[in-house]
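Student: Sending over a structure as structure tokens; questions will come in a sec.
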């Protein structure tokens, strides 16, 4: 049996980093971890091939080779997935689909033969059993959650690792919080389920032994969902593992209450983590209460961010406008917060209601749903009717994005961060591609770019004031180039 596993294209979005990846000659940020993991669940005797259309073309030869096409993806990959499915059907292939996109929207993909939804550890085995008997059903679903201690390691040999900027790994699923707009708990539950420390070390060893020395993203929606296990099991194991290793800086997602635990932050940094994404959402207490973001309430959020930065962890932040309690003052307040916090990578989006969330149900009951999500966090669209009025909301949103990613404001924010940040002793290695990227930045940003004055100002300021952070400053300059491109192409 020949199985062709296909990852659809991610459009040019905030998190695609496509304009930044060109500097280091990479094609995509992350490999398709879900498909590589599912590949490990398929019978060993089957032949498997992974085609990630973000890094390579799906050829007619691929389609002619295959017996089945397995497709997975996120909502943002919807249009590419449709095109790929149609192409597979025209080639006479049986199409099997799963992953977040199809779990929430499977009824909208009529050309798919079989849907293996929710967690594949539970729904894939009965599908494979029925397939072997010749009686596979159209849909396999479950409301149960699997034991991820039994989840196999991804088949990294199927990925062309040199085409990616980062690798990825999963430690946990689920989140103890219940934010109104977030579908993580609907997909994965409230109780964080964990892999063992031995599993994670084994997966990291696989990457390391294959020569990987770049970033590794722990894709957990809330890495610190079980602090006790982190402190007593996983982080001590990672600290021991990292001691004799070069490279592999780690990053992940966490909730802002990380700032309340100095021991945990110190252990994460010692284990090799240097960055976390945190859902800040809004500086408005009423809006935080509205969306049930209780972990963010009754605290000085800027001070919490600074505590994390000073511990040695960069903070990337998620922000939302369009809550029912938002007034037009929220746009200026978001700008002021982002600039003052020094959160360089600030993802700002309109409030959206994913299926399965309490917000979705409330919007449905109030007759305020507009249709499907775009899956793009920063395209200025929403699938709900905002109380503020859509025109007013989009106008204010554009004002935020155009300001915070203007060269002057962006580079000012970079310096604010560099002043606060305490870099960890751990240093990622620099390779030839990164040295070339630095030279490209000097030309493209420092000579050709609209931001050239700000680029050289940051260049010399960092070189003389924070020389240990010079490479990070140049990285931020490249990121800023990407973010401005996104603003110009998708928002303005």
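The values are calculated or read from the model by the stated rules, or taken from the named source; none is laboratory data. On a predicted model such as this, the values are computed, not experimentally measured, just so you know. All Cβ positions, glycine included, derive from the backbone under ideal geometry; neighbour counts span all protein chains shown.
Student: Looking only at the stretch 217-229, decide whether some residue is farther than 29 Å from residue 28 by Cα and under 21 Å from the mean Cα position of the chain (by Cα).
Tutor: yes
For (1) more than 20 Å from residue 105 (Cβ to Cβ); (2) under 22 Å from the mean Cα position of the chain (by Cα), each residue gets a yes or a no:
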{"residue": "328", "(1), (2)": "yes, no"}
{"residue": "344", "(1), (2)": "yes, yes"}
{"residue": "349", "(1), (2)": "no, yes"}
{"residue": "366", "(1), (2)": "yes, no"}
{"residue": "369", "(1), (2)": "no, no"}
{"residue": "387", "(1), (2)": "yes, no"}
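Student: What is the one condition in (1) part of a helix (DSSP H, G or I); (2) free of Cβ contacts under 8 Å to residues at least 60 places away in the same chain; (3) out of contact with any strand residue (DSSP E or B) (no Cβ under 8 Å at 6 or more places or on another chain) that residue 191 does not satisfy?
Tutor: (1)
Student: Evaluate the following for residue 359: is it under 25 Å from residue 104 (Cβ atoms) and crowded, with 17+ Cβ neighbours inside 10 Å?
Tutor: Judged against the criteria, residue 359 is a match.
Student: State whether the residues of the stretch 161-177 include one that is without any contact (Cβ under 8 Å) to a residue 40 or more places away in the chain, surrounded by 18 or more Cβ atoms within 10 Å (Cβ to Cβ) and farther than 23 Å from residue 230 by Cα.
Tutor: no
Student: Can you name the number of the only condition in (1) more than 28 Å from residue 212 (Cβ to Cβ); (2) buried (at least 19 other Cβ atoms within 10 Å of the Cβ) that residue 457 fails?
Tutor: So residue 457 meets the others, but not (2).
Student: Based on what the data block shows, is residue 25 under 17 Å from residue 167 (Cα atoms) and surrounded by fewer than 17 Cβ atoms within 10 Å (Cβ to Cβ)?
Tutor: yes
Student: Wholly within the stretch 69-177, which helices (runs of 4 or more DSSP H) include no fewer than the required count, namely at least 2 residues that are in contact with a strand residue (DSSP E or B) (Cβ under 6 Å, 6 or more places away or on another chain) and at pLDDT 95 or above?
Tutor: 78-90, 120-133
Here is a yes/no grid of residues against (1) out of contact with any strand residue (DSSP E or B) (no Cβ under 7 Å at 6 or more places or on another chain); (2) outside the structural domain of residue 277 (by TED's automatic domain parsing); (3) in a helix (DSSP H, G or I):
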site	(1), (2), (3)
319	no, no, no
324	yes, no, no
327	yes, no, no
333	yes, no, yes
337	yes, no, yes
343	no, no, no
348	no, no, no
354	yes, no, no
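Student: I want to confirm something. Restricting to the stretch 294-314 and keeping residues that are in contact (Cβ under 8 Å) with a residue 60 or more places away in the chain and under 27 Å from residue 422 (Cβ atoms), which single residue is surrounded by the most Cβ atoms within 10 Å (Cβ to Cβ)?
Tutor: Step by step, filter the stretch 294-314, then rank; the result is 309.
Student: Tell me, which helices (runs of 4 or more DSSP H) lie completely within the stretch 394-492 with 3 or more residues that are more than 30 Å from residue 350 (Cβ to Cβ)?
Tutor: Output list reads 432-443, 452-465, 470-486.
Student: Additional query: Here is a list of conditions, (1) surrounded by 21 or more Cβ atoms within 10 Å (Cβ to Cβ); (2) touching a strand residue (DSSP E or B) at 6+ places or on another chain (Cβ under 9 Å); (3) assigned to a loop (DSSP other than H, G, I, E, B), and residue 381 meets all of them except one; can you say which number that is?
Tutor: Residue 381 satisfies all of (1) surrounded by 21 or more Cβ atoms within 10 Å (Cβ to Cβ); (2) touching a strand residue (DSSP E or B) at 6+ places or on another chain (Cβ under 9 Å); (3) assigned to a loop (DSSP other than H, G, I, E, B) except (1).
Student: Being modelled with pLDDT under 95 and crowded, with 17+ Cβ neighbours inside 10 Å is the filter here, so list the residues in the stretch 226-248 that pass it.
Tutor: Result: 242, 247, 248.
Let's see how each residue does on (1) on the phi > 0 side of the Ramachandran plot; (2) touching a residue at least 12 places away in the same chain (Cβ under 8 Å); (3) not assigned by TED's automatic domain parsing to the domain that holds residue 30:
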site: 74; (1), (2), (3): no, yes, no
site: 89; (1), (2), (3): no, yes, no
site: 93; (1), (2), (3): no, yes, no
site: 111; (1), (2), (3): no, yes, no
site: 119; (1), (2), (3): no, yes, no
site: 130; (1), (2), (3): no, no, no
site: 155; (1), (2), (3): no, yes, yes
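Student: Could we say that residue 181 is in contact with a helix residue (DSSP H, G or I) (Cβ under 7 Å, 6 or more places away or on another chain), surrounded by 19 or more Cβ atoms within 10 Å (Cβ to Cβ), more than 21 Å from residue 307 (Cβ to Cβ) and touching a residue at least 60 places away in the same chain (Cβ under 8 Å) here?
Tutor: So residue 181 fits the description; yes.
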